[in-house]
Amino acid sequence: MAAIIKRVIPTLDRILVRRAEAANVTKGGIVLTEKGVERMVEGTVVAVGPGSRNPQSGNYIPIGVKAGDRVLLPKYGGTRVEMEDKKEYVLYREADILAKLE
Amino acid sequence: MAAIIKRVIPTLDRILVRRAEAANVTKGGIVLTEKGVERMVEGTVVAVGPGSRNPQSGNYIPIGVKAGDRVLLPKYGGTRVEMEDKKEYVLYREADILAKLE
Amino acid sequence: MAAIIKRVIPTLDRILVRRAEAANVTKGGIVLTEKGVERMVEGTVVAVGPGSRNPQSGNYIPIGVKAGDRVLLPKYGGTRVEMEDKKEYVLYREADILAKLE
Amino acid sequence: MAAIIKRVIPTLDRILVRRAEAANVTKGGIVLTEKGVERMVEGTVVAVGPGSRNPQSGNYIPIGVKAGDRVLLPKYGGTRVEMEDKKEYVLYREADILAKLE
Amino acid sequence: MAAIIKRVIPTLDRILVRRAEAANVTKGGIVLTEKGVERMVEGTVVAVGPGSRNPQSGNYIPIGVKAGDRVLLPKYGGTRVEMEDKKEYVLYREADILAKLE
Amino acid sequence: MAAIIKRVIPTLDRILVRRAEAANVTKGGIVLTEKGVERMVEGTVVAVGPGSRNPQSGNYIPIGVKAGDRVLLPKYGGTRVEMEDKKEYVLYREADILAKLE
Amino acid sequence: MAAIIKRVIPTLDRILVRRAEAANVTKGGIVLTEKGVERMVEGTVVAVGPGSRNPQSGNYIPIGVKAGDRVLLPKYGGTRVEMEDKKEYVLYREADILAKLE
């Protein structure tokens, strides 16, 4: 499956994330709220794009997270990508990632 | 619990705040209005992101508040994050923070 | 009370204003209109933020009014902050202040 | 009354204008239309702000009209300010002024 | 009447145009469509403003048409100005002018 | 008729196009779809404006198509201009042109 | 048919893509989801434009994908172009391409 994931290279400032299993309490101690204004989930970054473009020079501005990072994600939004391993993969823009979990 | 909070690192210009208990008069003398156009609450900054990106150079523009600051917050908005300690944590963008309380 | 007001430090280009009592004719000769498209009120600046950020350098652009200035304010908008002294305090963005009164 | 008007100092790119009496034909030969898509009125500039801010340097960009200029104004919009002399005063942004009349 | 027109000096990137008489076929061979998505009319530029402002330096960017130019105009939009000569005058922003006719 | 077309000089980034006859299969092999989300048509550029303005310097940024180019056009949008020759002419902004056909 | 495709040259940051046949599992192992928020499809880039324009210099900023690249596409959006070979061709803006597949 690693071979498959490696095949997806997000464009620009997009980030491919594998969402964590829905659990009430994660290992990091984050409880996924059911009653908040906006629900969140946790995930692991599997691939990042080159970054958004500097409109002057056309250079890419590198993304602030990298493959392997655990991240907090908004519940809604993103674009879902299904792989053969039946895990839940979602593409986000960098600005949609809420936080890194360390 | 401090260990848990340290694990959440907001991205870009996001700020993680622990909201104060709802009280009619805070120790700082701020009365939380019930009749205003937009209600406010008080909180304490627990973690700040690296800041928003300069679209030219890609450098981060540091955030004007820091962990430990007491801040005035809009009642609505932000993204709630629940921790094991049952306190109320909310992620805001820097521009949503209304004022520092000293 | 001065001690309390000093404790509120607006962020970015926000300005904390104490609204004047509603009076038909102010000492400065400004009659607060009741029939205009947008009603106005008068107030006194009590605290100003560091200013908005220059998106290139991240430096603050200083605000054009200062504590003590008497200002014309739009009737609607702003975020209300109640203090122990029962006066009416409102947070505005710099661009919302209509005029200084000298 | 001149003393009163001098007391109002518009902020940023705002312009304080005293509207002319509603007349079918002005001395300058401009007939105020009753049937156009957007009706206009004539006025005299009484005070101008320092101008809008250059977002890079924070310097003010001076305004292109000055006190004493006669101007064409849109009928709707602006923020009305009533003075003791019962004339009609309105605050506009520079970009809302349609033309100078010479 | 030329004296009157000279008195109107558009602000910024505004352009004062005298609309042509409604005719099915203009001298330039342009048939004014009745069935298009957006109907057009022809006119003659009588006065132009100094141009829009460069947000960095505050300098004016000169306008690409000049007094005397015949232009294609959108049917709707603009701000009508009536003069004593009963002709139809309209103020447009430069970007609203569709084409020059030579 | 060439004389007439030459008389229309689009402003800024506008492009005057003569739409092709509605045909199911063009000479270039492009079949005009009837079932797509957005229908397209083919046309020939007859005149181009000087280009949009650089907001810093006021210089024109030249347009990427030229008179004589065959282009793919969105079915809707643009501003129709009728000429004496009863062909269908439409003014577009440069960014609305979908592709060149060679 | 290659001759036909070569004839379509997208403008600016547009990309012409030939969509893949709808299949539940692609050769690359990507399962096209039926239940996601936004469904995706796979395609092959057949032609790319010169890129969007630098608003300062007018230079083109090259596009990050090239002819032959396999790409992930949003299900909705884009502008359909039908060719004689009855394949499904769609024009996208560069920012709409979700990922490259390698």
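The values are calculated or read from the model by the stated rules, or taken from the named source; none is laboratory data. Just so we're clear, the structure is a prediction, and the values are computed from it rather than from any experiment. Here the Cβ positions follow ideal geometry from the backbone for every residue, glycine too, while neighbour counts run over all protein chains shown. Note: accessible area is taken over every heavy atom of the protein model, side chains too, but ligands, DNA and RNA are not part of it. Shrake-Rupley method; radii C 1.70, N 1.55, O 1.52, S 1.80 Å.
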Hz values of 3J(HN,Hα) by residue in segment B:86-102 - Karplus curve (6.51, -1.76, 1.60), Gly and Pro given as x:
6, 6, 9, 10, 9, 8, 10, 7, 3, 5, 8, 5, 8, 6, 9, 10, 10
With a 1.4 Å probe and every protein chain left in place, tell me how much accessible area C:Asp96 has, in Å² to the nearest 10.
60 Å²
At a 1.4 Å probe radius, which order do D:Thr44, D:Thr11 fall into by accessible area, largest first?
D:Thr44, D:Thr11
Largest first, how would D:Lys75, D:Lys100 line up by accessible area (1.4 Å probe)?
D:Lys75, D:Lys100
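Using only protein heavy atoms and a 1.4 Å probe, how much accessible area in total is buried between F and E, to the nearest 100 Å²? Mind dumping the intermediate values first?
On the way: alone 6850 and 6840 Å², together 11530 Å².
It comes to approximately 2200 Å² buried between F and E.
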Name the residues whose placed amide hydrogens come within less than 5 Å of the amide hydrogen of G:Val46, ignoring near sequence neighbours (fewer than 5 apart) on the same chain.
G:Leu16, G:Val17, G:Arg18, G:Gly68
Solvent-accessible surface (1.4 angstrom probe) belonging to B:Ser57, in square angstrom, nearest 10
70 Å²
Using θ = phi - 60° and the Karplus relation 6.51 cos²θ - 1.76 cosθ + 1.60, list the HN-Hα couplings for segment B:45-59 in order, rounded to whole Hz, with x at every Gly or Pro.
5, 10, 7, 10, x, x, x, 6, 8, 5, x, 7, 9, x, 5
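Which entries of B:Lys75/C:Lys86; F:Lys87/G:Lys86; C:Lys66/D:Lys75; A:Lys66/A:Lys87 show an alpha-carbon separation above 28 angstrom in the structure shown?
Values: B:Lys75/C:Lys86 20 Å; F:Lys87/G:Lys86 30 Å; C:Lys66/D:Lys75 33 Å; A:Lys66/A:Lys87 19 Å.
In this structure, F:Lys87/G:Lys86; C:Lys66/D:Lys75 lie more than 28 Å apart at Cα.
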What residues does segment G:60-93 have that are buried by at least 30 Å² of accessible area in the full protein assembly compared to the chain on its own, 1.4 angstrom probe?
G:Ile61, G:Thr79, G:Arg80, G:Val81, G:Glu82, G:Glu84, G:Leu91
With x for Gly and Pro, the residue-by-residue ³J(HN,Hα) of segment G:75-83, computed from phi through the Karplus equation 6.51 cos²θ - 1.76 cosθ + 1.60 at θ = phi - 60° and given in whole Hz, is 5, 9, x, x, 10, 6, 10, 9, 10
Work out the FRET efficiency for F:Lys87 and E:Lys66 from their Cβ-Cβ distance, taking R0 = 22 Å, and round it to the nearest 0.05.
0.15
Not counting ligands, DNA or RNA, and with a 1.4 Å probe, what is G:Tyr76's accessible surface area in Å² rounded to the nearest 10?
150 Å²
So how far, in whole Å, is the C-alpha centre of segment G:41-79 from the one of segment B:39-62?
32 Å
Within segment F:51-74: backbone nitrogen closer than 14 Å to the E:Glu102 label point (7 Å, Cα to C-beta):
F:51
